[in-house]
Amino acid sequence: MAQETTRDDSDSPSGSVVSPIANGTNKKDKKSSKDKSSSSKKRALSSGERRSSVSKPARDPSDKPEESPSKKKKRKTSSTAAAVAAPPTITEEVSPSTSVTRSPSPVIDFDGLSRPSRGTRERLEETEAQKQERLDKMKGAVRTLLECLGEDPDREGLLATPERYAKAMLFLTKGYQENVRDIVNGAIFQEGHNEMVIVKDIEVFSMCEHHLVPFTGKMHIGYIPSNAVIGISKLPRIAELFARRLQIQERLTKEVANAIMEILKPQGVAVVMESSHLCMVMRGVEKTTSSTITSCVLGCFESREKTRLEFLSLIGVNR
Ligand SMILES: Nc1nc2c(ncn2[C@@H]2O[C@H](COP(=O)(O)OP(=O)(O)OP(=O)(O)O)[C@@H](O)[C@H]2O)c(=O)[nH]1
Ligand SMILES: [Zn+2]
């Protein structure tokens, strides 16, 4: 349910840079939008730099463009100086011909993919034949799993299980292949609005990356626009995109909050998630009534206690 409360935020950052994803370009003019987006990305970065520097999403350590050998050698000599230097620039000259542009946000890359890794991009770009080959490989692995469990994979009830489970796992991790740009679909409206917007009690289903079993619960998302509002359904869609993959609840909460900051450049975002982990209910400590609450507050939700408390009371966590 979406909720709006009146508020006057005099110290809201002036103006709002709409991030490249907000332009909602569709596939055909993606090339030109990519050029456009790189300049707006730089703009986005400058407005991003204006954002509270208190909490920045941790970059995935593997998200480092390959350095050319000469650069590596130079780096060794001045490592101490580098250690205190300003954080790495976004566009790093790997070699004169190819400069690698890293997206300003480590949760959404310049292609609109969310935290892509080699494997997930392959999944997105594979041919029908490669898709079938992947499915066959997964079916074989599940068959082996059934045998190792002491089951008979050829008995009637299990004959189709390898394919069913392989397809189920691909569905449960479909978030890897979704593109934030398609999710937002250009539904960002310059409304000159700066009251708190909350969509709460969003059902979330994710997969614990340690045990490959689900954790499910509710997510509450609030933001205070700088100017632009997003289509309210896009907030649960963004949550879904980051939930449908192998996750931990802390990272899921943080990625949703940072993605919304990146897409909308609002004054601040707050995300709270409460969920039950089957890996704690059906095995291990076997606590059926326990639930885990995680939160991530950015921008004015982080810097202003009043704003944070108002959000928490409106979502009923402060009860
Ligand atoms: N901020 C805001 N958004 C609204 C309101 N009413 C409808 N919307 C959103 O307007 C957006 C329109 O987005 P589109 O992608 O063009 O429409 P759609 O394809 O039906 O979007 P989905 O509902 O996400 O399937 C949707 O995200 C709606 O949720 C409202 O009162 N406030
Ligand atoms: Zn687990």
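The values are calculated or read from the model by the stated rules, or taken from the named source; none is laboratory data. None of these values were measured; they are calculated from a predicted model. Note that each Cβ is placed from the backbone with ideal geometry, even for glycine, and that neighbours are counted across all protein chains shown. Side chains are part of the model used for accessible areas, which takes the heavy atoms of the whole protein and leaves out ligands, DNA and RNA. Shrake-Rupley method; radii C 1.70, N 1.55, O 1.52, S 1.80 Å.
Looking at the structure I just gave you, is residue 239 closer than 23 Å to residue 184 by Cα, among the aliphatic types (A, V, I, L, M) and free of Cβ contacts under 8 Å to residues at least 40 places away in the same chain? Yes, satisfied. Restricted to region 196-216, and to residues that are away from ligand 2 (no atom under 16 Å from the Cβ) and surrounded by 15 or more Cβ atoms within 10 Å (Cβ to Cβ), which residue is farthest from residue 275 (Cα to Cα)? If we take residues in region 196-216 being away from ligand 2 (no atom under 16 Å from the Cβ) and surrounded by 15 or more Cβ atoms within 10 Å (Cβ to Cβ), then 196 is farthest from residue 275 (Cα to Cα). Of all residue pairs spaced 6 or more apart or on separate chains, those with beta-carbon atoms under 8 Å, a first member in region 175-196 that is farther than 9 Å from residue 230 by Cα and a second member that is within 16 Å of ligand 2 (Cβ to nearest atom) are 175/243; 175/245; 176/245.
Select, from 143, 164, 181, the only residue that is within 16 Å of ligand 1 (Cβ to nearest atom) and among the charged types (D, E, K, R).
Just a single option satisfies the conditions, and that option is 181.
Away from ligand 2 (no atom under 16 Å from the Cβ), closer than 21 Å to residue 108 by Cα and at pLDDT below 95: does that describe residue 228? The answer is yes for residue 228.
Applying a threshold of 9 Å to beta carbon distances and a minimum spacing of six or more residues, or different chains, the list of pairs starting in region 161-174 at a residue that is under 14 Å from residue 207 (Cβ atoms) and ending at one that is assigned to a helix (DSSP H, G or I) and aliphatic (A, V, I, L, M) reads 165/138; 165/142; 165/145; 169/138; 169/142; 170/135; 170/138; 174/241. Listed by position, the helices (runs of 4 or more DSSP H) inside region 109-181 whose residues that are in contact with a Pro (Cβ under 6 Å, 6 or more places away or on another chain) and either open to solvent by 90 Å² or more (accessible area, probe 1.4 Å) or at pLDDT 95 or above (or both) number at least 2 are 128-148.
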